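Chemist: First the structure, which I've put down as structure tokens, then a few questions once you've had a look.
The values are calculated or read from the model by the stated rules, or taken from the named source; none is laboratory data. What you are looking at is a predicted structure, and each value in this text was computed from that prediction instead of being measured. Here Cβ is always computed from backbone atoms with ideal geometry, including for glycine, and neighbour counts include all displayed protein chains. For the accessible areas, the whole protein counts, side chains as well, though only heavy atoms, and no ligand, DNA or RNA atoms are used. Shrake-Rupley method; radii C 1.70, N 1.55, O 1.52, S 1.80 Å.
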Amino acid sequence: MKKIYINDYFKFYLALYLTLIIGFILNENTTGGAIIDYLNQKRAVKDFSNDFLTTLLNYDKYSTRHSPIFIIILSFFEKTPLTDLIIRFFHLHISLTLPFIFFLILKEKFKFKYGNFYHLLVGLIFLSPTFRTLSIWPDSRLIGLIFFSLSILFYLKFNNTKKRKYCFLYILFFSI
């Protein structure tokens with residue numbers, strides 16, 4: 001069996017990243033509803049940036065199942081000169097932390113050095129229609145999954161080392 005080197009992993013992840021960039025350029029929406037959700041959120045984002053208190057008090061009228069926290073964060077960007085495309089591109093790159101965190105979880109749980117199988121598992125995340133779509137069209141569910149995954153990672157680190165800082169980080173990210 002041929003040994004795979006770091007350079008090969010880099011090429012593997014670069015190819016997966018480029019497929020995500022191509023999906024971004026083509027406005028990929030494989031789940032079908034992400035664009036609609038995003039456009040509905042944009043209306044709430046604009047209202048939050050114009051009149052925060054009234055929008056917050058009447059948030060139930062927006063008929064959204066999403067927490068207002070992510071929408072409030074997006075509303076801060078509404079008043080900046082950043083375009084919608086740049087905000088989406090920034091979110092795409094924040095979303096790339098999820099496969100990395102998943103890799104760290106696998107590494108912490110199974111104590112491997114360089115396992116081809118684990119890299120293939122992580123690579124599958126890039127091919128998931130939900131991950132791809134929610135990376136391209138900002139949504140609170142993916143950010144929530146990142147925080148939840150971080151809590152799992154720190155829980156495993158606490159279990160293995162019994163260091164209090166990992167317990168604190170586990171509670172913090174789980175709470176978020």
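Chemist: Do we find a residue being closer than 25 Å to ILE73 by Cα and touching a helix residue (DSSP H, G or I) at 6+ places or on another chain (Cβ under 6 Å) anywhere in the range 114-129?
Modeler: Checked against the condition, which is being closer than 25 Å to ILE73 by Cα and touching a helix residue (DSSP H, G or I) at 6+ places or on another chain (Cβ under 6 Å), the range 114-129 yields no hits at all.
Chemist: Scan the range 47-70 and give yes if some residue there is hydrophobic (A, V, I, L, M, F, W, C), closer than 19 Å to GLY33 by Cα and modelled with pLDDT of 90 or more, otherwise no.
Modeler: No, the range 47-70 contains no residue that is hydrophobic (A, V, I, L, M, F, W, C), closer than 19 Å to GLY33 by Cα and modelled with pLDDT of 90 or more.
Chemist: Give the residues of the range 103-160 that are within 30 Å of LEU39 (Cβ to Cβ) and acidic (Asp, Glu), sorted by residue number.
Modeler: ASP139
Chemist: If you don't mind, another one. Among the residues that make up the range 115-122, is at least one of them at pLDDT 95 or above, part of a helix (DSSP H, G or I) and surrounded by 18 or more Cβ atoms within 10 Å (Cβ to Cβ)?
Modeler: No, the range 115-122 contains no residue that is at pLDDT 95 or above, part of a helix (DSSP H, G or I) and surrounded by 18 or more Cβ atoms within 10 Å (Cβ to Cβ).
Chemist: Within the range 137-145, is even one residue among the charged types (D, E, K, R), open to solvent by 40 Å² or more (accessible area, probe 1.4 Å), at pLDDT 95 or above and part of a helix (DSSP H, G or I)?
Modeler: No, there is no match, as no residue in the range 137-145 is among the charged types (D, E, K, R), open to solvent by 40 Å² or more (accessible area, probe 1.4 Å), at pLDDT 95 or above and part of a helix (DSSP H, G or I).
Chemist: Output the number of the condition that PHE168 fails; it satisfies all remaining conditions of (1) over 30 Å from ILE25 (Cβ atoms); (2) without any contact (Cβ under 8 Å) to a residue 40 or more places away in the chain; (3) crowded, with 18+ Cβ neighbours inside 10 Å; (4) not basic (Lys, Arg).
Modeler: (3)
Chemist: Quick check on my filter: what residues within the range 18-35 are within 20 Å of GLY123 (Cα to Cα) and among the aliphatic types (A, V, I, L, M)?
Modeler: Listed by number, the residues that qualify are LEU18, LEU20, ILE21, ILE22.
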